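Here's the structure we're looking at; comments come further down.
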Protein chains: 2
Amino acid sequence: MNTRFYNAKILRTKPNQRFEIEEGELWVQGNRISYLGKSPERKVREETTWDREIDAKGNLLMPGFKNAHTHSGMTFLRSLADDLPLQEWLFQQIFPKEAQLVPEDLYWLTALANLEYLTSGITTQFDMYFFQEEVAKACVDMGFRLVQTSGLNNFGGSIAELEEKYLKFNEYHELSSYFLGFHAEYTTSKELMEGVASLVQKYKAPLYVHNSETKQEVEDCKKRYGLSPTQFLDRLGMYDYGGGGYHCVWFNDTDINIFAHKGLSAVTNPGSNAKLASGIAPIKKMLKAGVNIAIGTDGPASNNCLDMWKEMFLVSSLAKLKDMDAAVVDGEQVLYMATAGGAKAMGLGEADCLEIGKLADLILIDLNQPNMQPINHITKNLVYSGSKQNVKLTMVNGKILYEENRFFTNLDPAEIYRKANEIVKRMK
Amino acid sequence: MNTRFYNAKILRTKPNQRFEIEEGELWVQGNRISYLGKSPERKVREETTWDREIDAKGNLLMPGFKNAHTHSGMTFLRSLADDLPLQEWLFQQIFPKEAQLVPEDLYWLTALANLEYLTSGITTQFDMYFFQEEVAKACVDMGFRLVQTSGLNNFGGSIAELEEKYLKFNEYHELSSYFLGFHAEYTTSKELMEGVASLVQKYKAPLYVHNSETKQEVEDCKKRYGLSPTQFLDRLGMYDYGGGGYHCVWFNDTDINIFAHKGLSAVTNPGSNAKLASGIAPIKKMLKAGVNIAIGTDGPASNNCLDMWKEMFLVSSLAKLKDMDAAVVDGEQVLYMATAGGAKAMGLGEADCLEIGKLADLILIDLNQPNMQPINHITKNLVYSGSKQNVKLTMVNGKILYEENRFFTNLDPAEIYRKANEIVKRMK
């Protein structure tokens, strides 16, 4: 599939984590960006056979968003139990329903999430959920890029299984990769965590885990081990080869320093942290310390949507509220987190920005919508005013999977909705 | 214009501020809802000549959103000066640019805002800005419903002018109405405020004003007058006949009681209050006291978008963060604020809900989008997962002004964008 975009604004990511916008063309040949710059001579253009030549009409090509933490299969729980206290939500609503899932369900529930990602301009998800074979199959069938990690804990999974998945899903398909990981300190025994740490050491591999999502979690960890989750995991050797944490809301200065010095990524999930009243992550402090920050939607049970536009506004505005300072955590910093920061966290160095040779995971943003007009400051306005409605096209691995509100993923959306509703009905 | 919607889910507003969803038809004849209920006999349907018969395909008809506080003409300042401290933003960026506006600008800048409102399912705006004749003309030309109030303060306007506008814009057109008002206590002399209060008494009329947006504002008012803004305005007799305040972030219990006992409306603007780091309004306390709450986007300079979906999520999630309690201010309460609560604040009792005889200000919401699937709890999910992308159709006063991403407002969007960009360029 060869696609030529012309008359485009092109978002370039600069080394200082800022952006520039160039005008010109971007070519995709196979699954990679093959050219980017001024419009070449007609003769040069005609050397390639184009499947599509798309007039971008002055709209913006930019890297696709990286959803750096999610539980995609929780789509079936979306709006099933809103406005409940966290413990009641988790133990009386979420866990009993999850126990009824069968593997095939995850194929359809993940497919539903993938559709939503595409509408939001998200080109990769970093998923932690059950039945990972079906999750991978759904993504590969749809052409969607997937990074997974394990939700191993006391109630499911084993070290042997984790190792098997780690080896399997890193070789499964070019769209699939896998990180070592487990659910969280508060759901996992010390013995099991030591087993995970031994895999980290064996493979010299990064590790991801829920970390300091709630105040309670941190306090309980301190009671159990005398250390914060970050310090405890670090002491076990979990963080010797990189990786990071999901949420990172209740980080203290020591935790932030560990993340900074070990090159770990903090994945922030402001929509979920707000809706579940977990708190506001110390984004300003983490930025200052040089921690790589990525953004995730978390699962649709706790958000309820899978929308990077919403998350971006929240990252910045909650940071401003936390410090009561309108100048902290500016729009471009957030745009970086949602693209290159996420790519770094997810091991997607080949899909982090628009450059020749990079993977063609990109989106076309409609600037000719009232919320983007007049044109004053495009990059910041993406963060403060952008929405799913501005996503004209989403391309993953060189293939257009979403364009002008229509899906091109091999799966019929109506069939996906029908299956998701059947799963919900079956559980009632 | 007669329009028949069939195969629809219809959102009914209940007396207890909750909602029910019925399946059936909704008819619009002229600018009013003429029927609502089960599908009538074909014979009955054929008694009317329909301009449009729309198969809603199981999607949701609901009342249009009421944007209860905005400065629409600030579209030209959108993303001009993000991430600045409030005082610098206001005095070095906003005021100098506003001083360069000429009346015709407001026609185009308001038109641009109206397009954005339509994409978000907003059917009425409650505007406070300059050159109100041009604002009204833009809205009437486009068929958009407008409520205005005055931004009178020490730097512009007079009591005579306020009275003239109050009389004029309440008789101007069926789409136009006007409340007494002024900018804010902190920008207006006591003498001028006493003049406004005398008009309130003369016309026994409600009054609207920015109230307790920032901590500084409240502290300064206490220094000046020994009272909070609400208590001071109340003492002047401003609130004797209803009305309310915009923002209401730094309300104390006495302020809340005054609002409750006098039947005043608190218009909350969480997007702006977050982005400008003003604070989080005490929504839970105000609800408990029985205060009518409406939702506004504030102006696009401080938000940056005019999107009720974003505001609804923020109202609930910021309230949860404020109290660190996921159970407070639930989704349906927020949906009520965005519809009937806003209508009450804006004097739109004839457009507050879907009932026979009410004005046909309504929207059609696409439930067949991934973010609304599967169907678990529609009303709450609108608040937590809905977006502009779900707005299939926006009807104001019986006319379809937006449908399937296209505008039908008599004005060409490309022309509006061009004019808005010209205004920005002229000021550079």
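The values are calculated or read from the model by the stated rules, or taken from the named source; none is laboratory data. This structure is a prediction, so every number in the text was calculated from the model and none was measured. Here the Cβ is made from the backbone with ideal geometry for all residues, glycine too, and neighbour counts use every protein chain on show.
Within 30 Å of B:Glu415 (Cα to Cα) and over 15 Å from the mean Cα position of the chain (by Cα), is that true of A:Val291?
No, not satisfied.
Against the definition (among the acidic types (Asp, Glu), at negative phi and modelled with pLDDT of 95 or more), how does A:Glu404 come out, yes or no? It would help to see each step written out before you state the result.
Values: among the acidic types (Asp, Glu): yes; at negative phi: no; modelled with pLDDT of 95 or more: yes.
Considered against the rule, which asks whether it is among the acidic types (Asp, Glu), at negative phi and modelled with pLDDT of 95 or more, A:Glu404 comes out as no.
Just one of (1) in contact with a Cys (Cβ under 9 Å, 6 or more places away or on another chain); (2) within 13 Å of A:Val28 (Cβ to Cβ) trips up A:Thr339, so point out which.
The number of the failed condition is (2).
Scan the range B:298-311 residue by residue and report those that are more than 22 Å from A:Asn303 (Cβ to Cβ) and not small (Gly, Ala, Ser).
Narrowing the range B:298-311 to residues more than 22 Å from A:Asn303 (Cβ to Cβ): B:298-302, B:304, B:306.
Correct list: B:Asp298, B:Pro300, B:Asn304, B:Leu306.
State all residues of the range A:23-42 that are surrounded by 15 or more Cβ atoms within 10 Å (Cβ to Cβ) and hydroxyl-bearing (Ser, Thr, Tyr); if no residue qualifies, say none.
A:Ser34, A:Tyr35
Can you tell me which of (1) within 14 Å of chain B (Cβ to nearest Cβ); (2) free of Cβ contacts under 8 Å to residues at least 40 places away in the same chain; (3) not hydrophobic (A, V, I, L, M, F, W, C) is the one A:Thr119 doesn't meet?
The number of the failed condition is (2).
Inspect the range A:272-283 for any residue being more than 28 Å from A:Gln93 (Cβ to Cβ) and either more than 14 Å from chain B (Cβ to nearest Cβ) or not small (Gly, Ala, Ser) (or both) and give the result as yes or no.
First pass over the range A:272-283, keeping only residues more than 28 Å from A:Gln93 (Cβ to Cβ): A:282-283.
After this cut, where a residue has to be either more than 14 Å from chain B (Cβ to nearest Cβ) or not small (Gly, Ala, Ser) (or both) as well, the list is A:282-283.
Yes; the residues of the range A:272-283 include at least one that is more than 28 Å from A:Gln93 (Cβ to Cβ) and either more than 14 Å from chain B (Cβ to nearest Cβ) or not small (Gly, Ala, Ser) (or both).
Every residue in the range B:309-334 that is of a type in the set (Gly, Ala, Ser) and surrounded by fewer than 24 Cβ atoms within 10 Å (Cβ to Cβ), please.
Just the residues of the range B:309-334 that are of a type in the set (Gly, Ala, Ser), to begin with: B:316-317, B:319, B:326-327, B:331.
Scanning the range B:309-334 gives a single hit, B:Ala327.
Go through the range A:53-65 and give me each residue that's assigned to a strand (DSSP E or B) and not β-branched (Val, Ile, Thr).
To start, the set of residues in the range A:53-65 that are assigned to a strand (DSSP E or B) comprises A:53-55, A:60-63, A:65.
Passing the criteria: A:Glu53, A:Asp55, A:Leu60, A:Leu61, A:Met62, A:Pro63, A:Phe65.
Per-residue answers, yes or no, for (1) surrounded by fewer than 22 Cβ atoms within 10 Å (Cβ to Cβ); (2) within 8 Å of chain B (Cβ to nearest Cβ); (3) free of Cβ contacts under 8 Å to residues at least 12 places away in the same chain:
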{"site": "A:Glu350", "(1), (2), (3)": "yes, no, yes"}
{"site": "A:Leu359", "(1), (2), (3)": "no, no, no"}
{"site": "A:Gln369", "(1), (2), (3)": "no, yes, no"}
{"site": "A:Asn381", "(1), (2), (3)": "no, yes, no"}
{"site": "A:Leu393", "(1), (2), (3)": "no, no, no"}
{"site": "A:Asn397", "(1), (2), (3)": "yes, no, no"}
{"site": "A:Asp412", "(1), (2), (3)": "yes, no, yes"}
{"site": "A:Glu422", "(1), (2), (3)": "yes, no, yes"}
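Identify, by number, the condition in (1) at pLDDT 95 or above; (2) within 12 Å of chain B (Cβ to nearest Cβ); (3) part of a helix (DSSP H, G or I); (4) buried (at least 24 other Cβ atoms within 10 Å of the Cβ) that A:Ala301 doesn't meet.
The one condition A:Ala301 does not meet is (1).
Residues to consider are A:Lys262, A:Lys344, A:Lys310; find the one that is of a type in the set (Lys, Arg), modelled with pLDDT of 95 or more and under 22 Å from B:Gly271 (Cβ atoms).
The conditions single out A:Lys310.
Output the qualifying pairs, or none if there are none: Cβ atoms under 7 angstrom, residues six or more apart or on different chains, first residue in the range A:4-27 and among the aliphatic types (A, V, I, L, M), second residue outside any strand (DSSP E or B) and surrounded by 16 or more Cβ atoms within 10 Å (Cβ to Cβ).
Note: pairs meeting the criteria are A:Ala8/A:Ala56; A:Ala8/A:Asn59; A:Ile10/A:Leu354; A:Leu11/A:Leu354; A:Ile21/A:Ile378; A:Leu26/A:Leu354.
Out of (1) closer than 29 Å to A:Tyr178 by Cα; (2) modelled with pLDDT of 95 or more; (3) polar (S, T, N, Q), what's the single condition that is false for A:Asn59?
(1)
Taking the range B:307-337, which residues are part of a helix (DSSP H, G or I) and acidic (Asp, Glu)?
Let us first name the residues in the range B:307-337 that are part of a helix (DSSP H, G or I), namely B:308-323, B:331-337.
Those that are part of a helix (DSSP H, G or I) and acidic (Asp, Glu): B:Glu311, B:Asp323, B:Glu332.
Out of everything in the range B:400-410 that is surrounded by fewer than 17 Cβ atoms within 10 Å (Cβ to Cβ) and within 23 Å of B:Lys66 (Cβ to Cβ), what residue ends up being nearest to the other protein chains (Cβ to nearest Cβ)?
Residues of the range B:400-410 surrounded by fewer than 17 Cβ atoms within 10 Å (Cβ to Cβ): B:404-406, B:408, B:410.
Those still in the list that are within 23 Å of B:Lys66 (Cβ to Cβ) too: B:405, B:408, B:410.
Values: B:Asn405: 7, B:Phe408: 14, B:Asn410: 16 Å.
Restricting to residues being surrounded by fewer than 17 Cβ atoms within 10 Å (Cβ to Cβ) and within 23 Å of B:Lys66 (Cβ to Cβ), the top hit is B:Asn405.
Within the range A:332-339, is there a residue that is more than 19 Å from the chain's Cα centre (by Cα) and more than 7 Å from chain B (Cβ to nearest Cβ)? Full working, then the answer.
As a first pass, look at the range A:332-339 and keep what is more than 19 Å from the chain's Cα centre (by Cα): none.
Within the range A:332-339, none of the residues are more than 19 Å from the chain's Cα centre (by Cα) and more than 7 Å from chain B (Cβ to nearest Cβ).
In the range B:48-64, is there at least one residue being of a type in the set (Phe, Trp, Tyr) and in contact with a Lys or Arg (Cβ under 6 Å, 6 or more places away or on another chain)?
Pass one, the range B:48-64, residues of a type in the set (Phe, Trp, Tyr): B:50.
Next cut, in contact with a Lys or Arg (Cβ under 6 Å, 6 or more places away or on another chain) only: B:50.
The answer is yes; a qualifying residue exists.
Residues are listed down the side, and each one gets a yes or a no for (1) surrounded by 13 or more Cβ atoms within 10 Å (Cβ to Cβ); (2) at negative phi; (3) within 14 Å of chain A (Cβ to nearest Cβ):
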position: B:Ile21; (1), (2), (3): yes, yes, yes
position: B:Arg45; (1), (2), (3): yes, yes, no
position: B:Pro63; (1), (2), (3): yes, yes, no
position: B:Ser72; (1), (2), (3): yes, yes, yes
position: B:Leu86; (1), (2), (3): yes, yes, yes
position: B:Phe95; (1), (2), (3): no, yes, no
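Take residues that are closer than 30 Å to A:Gly30 by Cβ and tell me which of the strands (runs of 3 or more DSSP E) falling wholly in the range A:169-276 contain 3 or more.
Details: elements: A:176-184, A:207-211, A:243-247, A:265-268.
Filter on the range A:169-276 gives A:176-184.
What's the number of the condition A:Ala68 fails, among (1) more than 14 Å from every other protein chain (Cβ to nearest Cβ); (2) modelled with pLDDT of 95 or more; (3) more than 21 Å from A:His247 (Cβ to Cβ)?
Unmet condition: (3).
List pairs: first in the range B:67-92 and closer than 24 Å to B:Thr119 by Cβ and in contact (Cβ under 8 Å) with a residue 60 or more places away in the chain, second assigned to a loop (DSSP other than H, G, I, E, B) and of a type in the set (Ser, Thr, Tyr), Cβ under 6 Å, 6+ apart or cross-chain?
Note: pairs meeting the criteria are B:Asn67/B:Thr297; B:Thr70/B:Thr297; B:His71/B:Tyr129; B:Gly73/B:Tyr129.
To keep it simple, each residue is scored yes or no on (1) among the hydroxyl-bearing types (Ser, Thr, Tyr); (2) in contact with a strand residue (DSSP E or B) (Cβ under 7 Å, 6 or more places away or on another chain); (3) not in a strand (DSSP E or B).
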position	(1), (2), (3)
B:Asn67	no, yes, no
B:Gln87	no, no, yes
B:Tyr107	yes, no, yes
B:Thr110	yes, no, yes
B:Leu118	no, yes, yes
